[in-house]
Amino acid sequence: MMVPRPRLIVLTALVLLPATLAAALYAALTPAAWAVAVLFMLATLLDASTGKQRFADLTVTAPELVRLTVDQPAKVQLHLQKPGALDLELRLGLALPEALRSEVPVQHLHLARGHERLALAWPCRAQRRGRFALEACHLEISSRWGLWGLRRRFPLNSEIRVYPNLVSGQKHILGLFSRREWGWRSVRKVGKGREFEQLREYLPGDSYEDVDWKATARRHAPVTRVYQVEQSQEIYVVLDASRLSTRSAEFGRDRRRRDRSNATDFQSTIFERYIIASLVMALAADRAGDRFGLVIFGARPDCLIKAGRGRTHYNACREALYNRMPRMVSPDFDELFTFIGTHLRKRALLLFLTHLDDPLMAEGFVGALRACARQHVVRVNMFRPVGAYPLFSSPGVHSAQGIYEHLAGHMAWSALSDTHRRLRQYGAELTLLDKEQLSSQLIGQYMEIKQRQLL
């Protein structure tokens, strides 16, 4: 594709316009005017034909895989190469996916003589997570005489993976990644550990139930077993990717505290918040020496990552979550708990991130929970519905509309309280999470269970 450059427009005005006026005013100058016009057109065509050769052997490449984080500044690396390059002035435009934004629409480059390769970092920012394709870039090179701009599309085959941002807008969870700030060393553990550590000589005051009688018989002296707090326990986050997870995160915010000044919050769904909380839990479990696993279900469970530790395992969990989207389906809890009972044999902590504000779903969940309630430690978590608080818990009621809103909130809270009582019959607990403290509340549950040694 060719486009006229400003130089061509200026020369056209300086050459053709006077020639046309001269031919119109003086008939004798008409042949000369035609000759000037023909020569000018031949010169422009010659410049256009020779300019196409400047794209010869020019290549543009990008990395096969680019990893970005939502709302974090990043750069996409591009490499231009032209063997035996002359001095070239280029304009480069990158066809970014819709989810990526850049404040730089076009970049001007100079490919100097003797420099056959040029590296370029294109600044951008991702607006949402997922997998995207970088398919092409567009280059414009001026012709030899600078009359035309020659444009060409260069295909790229680059995959862009955008991962969720764990700390954007959640500065209160930054301290959770420092064990010193958790207070683990200053928290008293309830009871004694159950994991065998070593044998030592019997000391006065040791319980007889801790005496290892076989080792005592071998050594002909009393020997006591020493236990430690359990390590490498299994923690699973069971993530709901069904229809109710597609709701806006504002569903979980009380109208009495709603701030409408930040419109971007309305674009975040509950599932996005659940993903961030799951990855934060993975980091917390790894810091505590436990193993983290992941179960994702929509209509039925379709993703299981066995509990593990380390950077590689965390990356596997992140890869499973970054491109996962909720679907407009209803979950089958009977199949979910059958799947858990079949694949998770070892006792584990199951942190459910689901929705039980729907009475039908709550009924199905409680009925299916019996299959694994005794084998595992179950904690059910969901976003707090709008206004779901006990009646008379807020003094800010000054109108009839406020009375009706608080009555509706009390009814929702009462239904969830009934579900909570039914879950406690099977040893499970239901917790209503706040949007601003979702990750810290999950970490708090995990720390409490570790302290009480319920696993």
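Assorted remarks:
- Just so you know, the averaged projected area of the alpha carbon convex hull for segment 281-365 sits at 6.1 nm².
- Globularity ratio of segment 319-455, using Cα Rg and 2.2 N^0.38 Å: 1.19
- Amide H to amide H distances under 5 Å link Val223 with Tyr202, Asp212, Thr216, where only residues 5 or more positions off or on other chains count and H is placed in the peptide plane.
- For segment 1-163, convex hull of alpha carbons as volume per residue, Å³: 116
- Thr50 versus Ala217: modelled label distance in nm, points set 7 Å from Cα along the beta carbon direction: 10.3
- Using C-alpha pairs under 8 Å with a sequence gap of at least 6, the mean separation divided by the residue count of the chain gives a relative contact order of 13 percent.
- Degrees separating the helix 400-424 axis from the principal Cα axis of the chain, which is the longest one: 60
- Separation of the Asn157 and Thr59 label points, Cα + 7 Å toward Cβ, nm: 1.2
- Semi-axis lengths, Å, segment 360-421, gyration tensor of Cα atoms, sqrt of 5 times eigenvalues: 32, 11, 8
- Karplus 3J(HN,Hα) series, Hz, for segment 235-249 with 6.51 cos²θ - 1.76 cosθ + 1.60 (x for Gly, Pro): 10, 10, 9, 9, 9, 8, 10, 9, 5, 6, 6, 7, 5, 5, 5
- Across segment 1-163, C-alpha contacts under 8 Å between residues 6 or more apart give a mean separation that, scaled by the residue count, equals a relative contact order of 30 percent.
- Largest first, the three principal axis extents of the alpha carbons in segment 38-129 are 56, 30, 18 Å in whole numbers.
- Crossing angle, helix 438-452 versus the chain [Cα axis fit, 0-90 degrees, rounded to tens]: 30
- Phi to ³J(HN,Hα) by Karplus 6.51 cos²θ - 1.76 cosθ + 1.60 over segment 340-355, Hz, x for Gly, Pro: 5, x, 7, 9, 10, 7, 7, 4, 8, 8, 9, 9, 7, 10, 9, 9
- Sequentially through segment 150-161, phi angles give Karplus couplings (6.51, -1.76, 1.60; θ = phi - 60°) of 9, 10, 8, 9, 10, x, 10, 10, 10, 9, 10, 10 Hz, Gly and Pro residues having no value and appearing as x.
- In this calculation the C-beta distance from His108 to Gln451 is compared with R0 = 60 Å, giving a FRET efficiency of 0.50.
- Tilt relative to the chain, helix 270-287 - C-alpha long axis, 0 to 90 degrees, to 10: 60
- Whole-angstrom Cα spans of segment 1-70 along principal axes, big to small: 70, 30, 13
- The chain pair-distance distribution - Cα-Cα, 10 Å bins, rounded %: 4, 15, 19, 17, 13, 11, 9, 6, 4, 2, 1, 0, 0, 0
- Sequence-distant residues sharing a close amide H with Ile160 (under 5 Å, placed H): Val66, Phe132, Ala133, Leu134
- A protection proxy built from the mean count of other Cβ atoms within 10 Å ranks the segments 368-376, 290-298, most packed first, as 290-298, 368-376.
Each value in this text was obtained by applying a stated rule to the coordinates, not by laboratory testing. This one's a predicted model, so the numbers in the text were calculated from it and none came from an experiment. Please note: Cβ atoms are built from the backbone with ideal geometry, for glycine as well, and neighbour counts cover all protein chains shown.
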